[in-house]
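Structure first, commentary second.
The values are calculated or read from the model by the stated rules, or taken from the named source; none is laboratory data. These numbers come from a predicted model, not from an experiment. All Cβ positions, glycine included, derive from the backbone under ideal geometry; neighbour counts span all protein chains shown.
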Amino acid sequence: MKVYNYDSPLGIITVEYDNDALTALYFKNERVEINSSEIKNACENNDLKIIQETIKWLDIYFSGKEPTFTPKYILKGTNFQNLVWEELNKISYGHTITYGEIAQKIAKKLNKQKMSAQAVGQAVGKNPISIIVPCHRVIGKNNKLTGYAGGIERKIQLLKLEGFLK
C-alpha cells in the first residue's frame, strides 16, 4: 500500500493505492493515522498515473463540476457490501437515495421480500472509496441527513457542492 494526502477544501483526504488502482480514499479523521512503517511506503512524487488521475478527479469535483471519468479502483468487501457499493455507483451526481430504497433494490436482486436498511447503512459506512463511490448521497427517511464517516458537516458540504442542498 502506498499513500498520498490530497489537500481538499474540506480537509486532508488520504488516498491509498497499490500499483495502478485506488484501494481507499477517505478524510483524514475517518481512520487511525498511518503508522511509521506505512509512511516509509508513501509516494514521494506525484508522477504515478493513478495519483495524477485521482488528483484531477478531485480537483474537478471540488471545483463544483461533475468529473467525466473515474480513476481505477478496487473494492474489497463481502458479497453484500459489494452489492451495496454497486448501488452507490448508480446514484447520479446531485441526487440522493435513501438507505431503505437501496435495501429494496438489493432485496429484489436477492429475491428476498425485505432487506434491512440498517444493514445497508453498515455496508455504506464501510465504503473504502469515499466521494468517488458516492456514499455521501445516501440519506435517511424523509430526506434526513444521517451518518457519514467523514462527518455530517462534510456530507452537507458535499451535497451543497453538487447542488442538492442550498
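Descriptive notes on the structure:
- Pairs linking a residue in region 140-154 that is more than 18 Å from residue 94 (Cβ to Cβ) and without any contact (Cβ under 8 Å) to a residue 60 or more places away in the chain to a residue that is small (Gly, Ala, Ser) and part of a loop (DSSP other than H, G, I, E, B), with Cβ atoms under 7 Å and 6 or more positions apart or on different chains, are 146/140.
- Any hit, region 122-138, residues being crowded, with 19+ Cβ neighbours inside 10 Å, over 23 Å from residue 11 (Cα atoms) and in contact with a Gly (Cβ under 9 Å, 6 or more places away or on another chain): yes
- Candidate set from region 24-39 (those that are farther than 12 Å from residue 132 by Cβ and surrounded by 12 or more Cβ atoms within 10 Å (Cβ to Cβ)); member that is modelled with the lowest pLDDT: 38
- Any pair with Cβ under 7 angstrom, 6 or more apart, that starts in region 71-86 at a residue that is surrounded by fewer than 17 Cβ atoms within 10 Å (Cβ to Cβ) and ends at one that is part of a helix (DSSP H, G or I) and not polar (S, T, N, Q): 72/50; 77/85; 80/123
- Verdict on residue 140 being over 16 Å from residue 27 (Cβ atoms) and of a type outside the set (A, V, I, L, M, F, W, C): yes
- Looking across region 148-166, the residues that are in a loop (DSSP other than H, G, I, E, B) and either of a type in the set (Ser, Thr, Tyr) or crowded, with 17+ Cβ neighbours inside 10 Å (or both) come down to 148, 149, 150, 162, 164.
- Identity of the residue in region 46-66, assigned to a helix (DSSP H, G or I) and touching a residue at least 40 places away in the same chain (Cβ under 8 Å), that ends up farthest from residue 136 (Cα to Cα): 51
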